[in-house]
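Q: Following this message is one structure expressed as structure tokens.
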Amino acid sequence: MRPRVLLLAGLEPTGRAGLLADVAAVRARGGDAVAVPTAQTAQGAHTFAVVPASPRMLAAQVTAAREWGPLHAVKWGVVPGPSQLATAKAALKDSDVWWVVDPVVRSSRGQVLSRLTARHYLALAGPRVLVTPNLEEAAWLLGRPALGTVEDAQEAAEALCQRGFGAVLVKGGHLPEGQGLADVLASAGRTVVMRGRRLKRPPERRGTGCRLASALAAELGRGTGPEAAVRAAREHVTGYLRTGRD
């Protein structure tokens, strides 16, 4: 089947990250992308700006997208503020599909993209919600000190599962060199450490978190289980890092 995936994210015009990167990843995984911008962003070498989407237009776009056919998964990227979050949740209130939540509140350069708090993200928890924090975001969600080991990532993933998420993927791409490279998936009483080889990333290869979450949503929307979906999404990102193409 061709999963129809709703993508809620900020529009970054170059497509290196954000909504256009999400669309590319979903299409590369054989899915149909429904792209709804939660914000307009400008992220240049010296220019940065974020303009939140109008809640009225956001609601209309999600509602219109659902009128054309069923959604099979939803990917949440940047949500600039509580009003956009509440609007999107209300428009999806009767949707019983997997949500993949990428809790990104800052750009890779540390610029603020969202005013959401950890409490806002924790309130999204549910049995069909998979959250994909990196090490820094996982610590922020739990109010813990920085995570520096694979064991820390495991504990954080399991702790977030206990908060009600159906699955948690803690991304370990920024683990110290001595720890190797490992992502941790926790779900339904099972925790899996997925190790990999660190690749040299050219500076223009941004948006790896966006692509991972979007590829993951496409796989879940197809009916793939969480563990197999994560493995497929990781392979997708590895291919992007090597070639620069989705």
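Q: Determine the percent antiparallel among the DSSP beta bridges restricted to the stretch 1-146, to the nearest 5. Can you show the working numbers first?
A: Details: 6 of 25 bridges.
If we restrict to bridges inside the stretch 1-146, about 25 percent are antiparallel.
Q: Hey, if you put +1 on the Cβ of every Lys and Arg and -1 on every Asp and Glu Cβ in the chain, which of Gly244, Pro55, Trp98 ends up farthest toward the positive end of that dipole?
A: Gly244
Q: With the contact rule set at Cα under 8 Å and sequence spacing of 6 or more, what percent relative contact order holds for the stretch 179-228? Write out the running numbers ahead of the final one.
A: Working: 26 pairs, mean separation 12.7, N = 50.
It rounds to 25 percent for the stretch 179-228.
Q: Using only Cα atoms, locate the centre of the stretch 94-120 and the centre of the stretch 122-142, then give the distance between them in Å, rounded to an integer.
A: About 9 Å separates the Cα centre of the stretch 94-120 from the one of the stretch 122-142.
Q: Hey, another quick one. Send over the per residue convex hull volume for the stretch 1-134, Cα only, as a whole number of Å³. Let's see the in-between values first.
A: Working: hull volume 14.3 nm³, N = 134.
Per-residue hull volume (Cα only) is 106 Å³.
Q: Continuing with this model, one more query. Calculate, in nm to one decimal, what Arg16 and Gln162 gain on full extension: separation in residues at 0.36 nm each, minus their alpha carbon distance.
A: On the way: separation 146, 0.36 × 146 = 52.56 nm, distance 3.39 nm.
Once the chain is fully extended between Arg16 and Gln162, it gains 49.2 nm.
Q: Roughly how many percent of the accessible protein surface of the stretch 57-173 is carbon and sulfur, given a 1.4 Å probe and a whole-percent answer? Don't skip to the answer; put the middle values down first.
A: Details: 2720 of 5110 Å².
After summing per-atom areas, the C and S share lands at 53 percent.
Q: Still on this structure, please answer the following. Can you count the Lys pairs in the chain whose Cα atoms are under 24 Å apart, with each pair 8 or more apart or on different chains? Don't jump to the answer; show the numbers that get you there.
A: Values: Lys75/Lys89; Lys75/Lys93; Lys75/Lys171; Lys171/Lys200.
Lysine pairs, 8 or more places apart or on different chains, close enough: 4.
Q: Then there is this: Using only the alpha-carbon atoms of the chain, report the extent along each of the three principal axes, biggest first, to the nearest angstrom.
A: Taking the Cα atoms of the chain, the three principal extents are 48, 43, 36 Å.
Q: Give the accessible surface of the stretch 179-246 per residue, rounded to a whole number of Å², with probe radius 1.4 Å and ligands, DNA and RNA excluded. Each step should come with its number before you reach the end.
A: Values: 3170 Å² over 68 residues.
Result: 47 Å² per residue.
Q: Suppose each label sits 7 Å from its Cα in the direction of the beta carbon; what would the Arg144-Ser83 distance come out to in nanometres?
A: Rounded to a tenth, the inter-label distance reads 3.6 nm.
Q: Could you give the size of the charge dipole of the stretch 124-246 about its Cα centre, using +1 on the Cβ of each K and R and -1 on the Cβ of each D and E, expressed in debye and rounded to the nearest 20? Could you put the intermediate results ahead of the total?
A: Numbers: 18 positive and 13 negative charges, 102 e Å.
The dipole magnitude comes to about 480 debye.
Q: Let me ask something else about it. By the gyration tensor of its Cα atoms, with a ≥ b ≥ c the square roots of the eigenvalues, what is the shape of the stretch 190-246: rounded for a/c under 1.5, prolate for a/b over b/c, or oblate? Let's see the in-between values first.
A: On the way: a/c = 2.62, a/b = 1.52, b/c = 1.73.
Note, shape of the stretch 190-246 comes out oblate.
Q: Please state the charge dipole magnitude for the stretch 11-146, taken about the Cα centre, from unit charges on C-beta atoms (+1 on K and R, -1 on D and E), reported in debye and rounded to the nearest 20. Display every interim value, and only then the final one.
A: Working: 14 positive and 9 negative charges, 41 e Å.
Roughly 200 debye, rounded to the nearest 20.
Q: Still on this structure, please answer the following. Which value in deg cm²/dmol, rounded to the nearest 500, describes the helix-derived mean residue ellipticity at 222 nm for the chain, given -39,500 (n - 2.57) per DSSP H run of n ≥ 4 and division by the residue count?
A: Numbers: 8 runs with 92 residues, N = 246.
After summing the helix terms and dividing by residue count, I get -11500 deg cm²/dmol.
Q: Find how much the distance from Ala123 to Thr243 grows on full extension, using 0.36 nm per residue of separation minus their present alpha carbon separation; answer in nm with one decimal. Walk me through the numbers on the way to the answer.
A: On the way: separation 120, 0.36 × 120 = 43.20 nm, distance 3.73 nm.
Computed gain between Ala123 and Thr243 is 39.5 nm.
Q: Right, here's the next one. Express the relative contact order of the chain as a whole percentage, based on alpha carbon pairs under 8 Å and six or more residues apart in sequence. Before the final figure, lay out the partial values.
A: Working: 508 pairs, mean separation 47.8, N = 246.
Answer for the chain is 19 percent.
Q: Build a GNM of the chain with springs between Cα atoms under 10 Å: which of Val101, Val112, Val230 gets the top mean-square fluctuation?
A: Highest fluctuation among the options: Val112.
Q: Still on this structure: Rolling a 1.4 angstrom probe over the protein heavy atoms, how many square angstrom per residue are accessible across the stretch 1-115? The partial results should precede the final answer.
A: Working: 5280 Å² over 115 residues.
Here the per-residue accessible area is 46 Å².
Q: To continue, here is another question. Whose amide H sits under 5 Å from the amide H of Val129, counting only residues 5 or more places off or on another chain, with H placed in the peptide plane?
A: Amide H to amide H, under 5 Å and 5 or more residues apart or across chains, Val129 pairs with Trp99, Gly166, Ala167.
The values are calculated or read from the model by the stated rules, or taken from the named source; none is laboratory data. What you see is a predicted model, and the numbers here were worked out from it, not measured in a lab. All Cβ positions, glycine included, derive from the backbone under ideal geometry; neighbour counts span all protein chains shown. Quick note on the areas: whole protein, heavy atoms, side chains included, nothing else; ligands and nucleic acids left out. Shrake-Rupley method; radii C 1.70, N 1.55, O 1.52, S 1.80 Å.
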